[in-house]
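Accompanying notes for the structure given below.
We did not get these values from a lab; they are worked out from the coordinates using the rules stated. On a predicted model such as this, the values are computed, not experimentally measured, just so you know. Please note: Cβ atoms are built from the backbone with ideal geometry, for glycine as well, and neighbour counts cover all protein chains shown.
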Amino acid sequence: MTIAPFVDFRGVWLAYNEALLAAGKFAVEDISLQLTRGEFVAIVGPSGCGKSTFMKLATGLKKPSRGDIFVDEKTVSGPLKISGMAFQAPSLLPWRSTLANVLLPLEIVEPFRQQFKAKKAEFEARAMALLASVGLAGYEDKFPWQLSGGMQQRASLCRALIHEPQLLLLDEPFGALDAFTREELWCALRDLQAARQFNVILVTHDLRESVFLADTVYVMSKSPGRLLHQRRIELPRPRDLEVTYTPEFTDIVHELRGHIGALRKTGAALP
């Protein structure tokens, strides 16, 4: 019995407006890929290649000009309620505590909004457990300005996960952090995903990050973005940071680096 992919892009093209579409100028071209349930994938490529555009398509914020996108066997026709998102800037509301920031999606998104008053204690317990899982126990009442950049990004990750999404979309979430904090957050994300088994699509410029975290890495060509290369990461899980110093890990990073910035070839297909 064939199991349907959880995320399924079928020949997806996107032009940002009708004039560009008429002129045949696309941001991304002919994107086809499938994610199994629980899979962690990373999208890497040069600046401006369409990685963030891909993210908007995956979460339903943009509709494809051509092709179809399915998530959980349903056509994506608008913003997905089963998804969560986190970005490079944590964007925490400065007047809300860490706990209140994490709870925000439950206050504004249905069906949680209707249940919020009745289930507030339950939701707060869920948020506090999430914060504890990323090392923020005891910081629930702190405001964003009282947290380091890494702490703010941990809180942002918790906010993206508070409604228990099946698909987490991450757009350069650790790019602004120092190397040590970034690696700590790699491990926090690794552990959360292993425990909860949600799908992840990570957009990143950091090849080490992509190889450490992902099951599969896709390399996008320079604009207009096409999937130029697919690399399955066979390094065993759970992965510890020590794996990043092994020859096997370094070889994969060097292989991916060789594809970055490669010229788009007409009709190029995934190997």
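Observations on the model:
- For the chain, the relative contact order comes to 25 percent (Cα pairs under 8 Å, sequence separation of at least 6).
- Its Cα centre serving as origin, region 103-169 has a Cβ charge dipole (Lys and Arg +1, Asp and Glu -1) of approximately 40 debye.
- Most simply put, the chain has about 45% antiparallel DSSP beta bridges, counting only bridges with both residues inside it.
- Residue exposure proxy: 158, 187, ordered by other Cβ atoms within 10 angstrom of their Cβ from fewest to most, comes out as 187, 158.
- Electrostatic tally near residue 163: other residues with Cβ closer than 10 Å to its Cβ, Lys and Arg +1, Asp and Glu -1, net +2.
- Choice from 249, 180, 123 with maximal GNM fluctuation in the chain (Cα, 10 Å cutoff): 180
- Largest GNM mean-square fluctuation among 251, 191, 72, using the chain with Cα springs under 10 Å: 251.
- Sequence of 62, 51 once ranked by neighbouring C-beta atoms within 10 Å, starting from the fewest: 62, 51
- Once the C-beta distance of residue 37 and residue 89 is scaled by a Förster radius of 35 Å, the resulting FRET efficiency is 0.70 to the nearest 0.05.
- Debye-sum result for region 1-146 in log10 I(q)/I(0), which assumes one identical scatterer on each alpha carbon, at q = 0.12 Å⁻¹: -0.70
- Per-peptide packing, taken as the mean over residues of other Cβ atoms within 10 Å, places 73-82, 99-108, 212-221, 236-245 in the sequence 212-221, 99-108, 73-82, 236-245 from highest down.
- Equivalent ellipsoid dimensions for region 162-271 as semi-axes, Å, which come from the Cα gyration tensor, largest first: 24, 17, 14
- Computed over Cα pairs, the Kirkwood radius of the chain leads via Stokes-Einstein (1.567 mPa s, 4 °C) to a diffusion coefficient of 67 µm² per second.
- Selected from 172, 164, 18 as most flexible by GNM, with the chain as the system and alpha-carbon contacts under 10 Å: 18
- Lysine pairs within region 61-135, Cα separation less than 21 Å, 8 or more sequence positions apart or different chains: 7
- If only the Cβ of Lys and Arg carry +1 and only the Cβ of Asp and Glu carry -1, the dipole of region 7-259 around its Cα centre is close to 720 debye.
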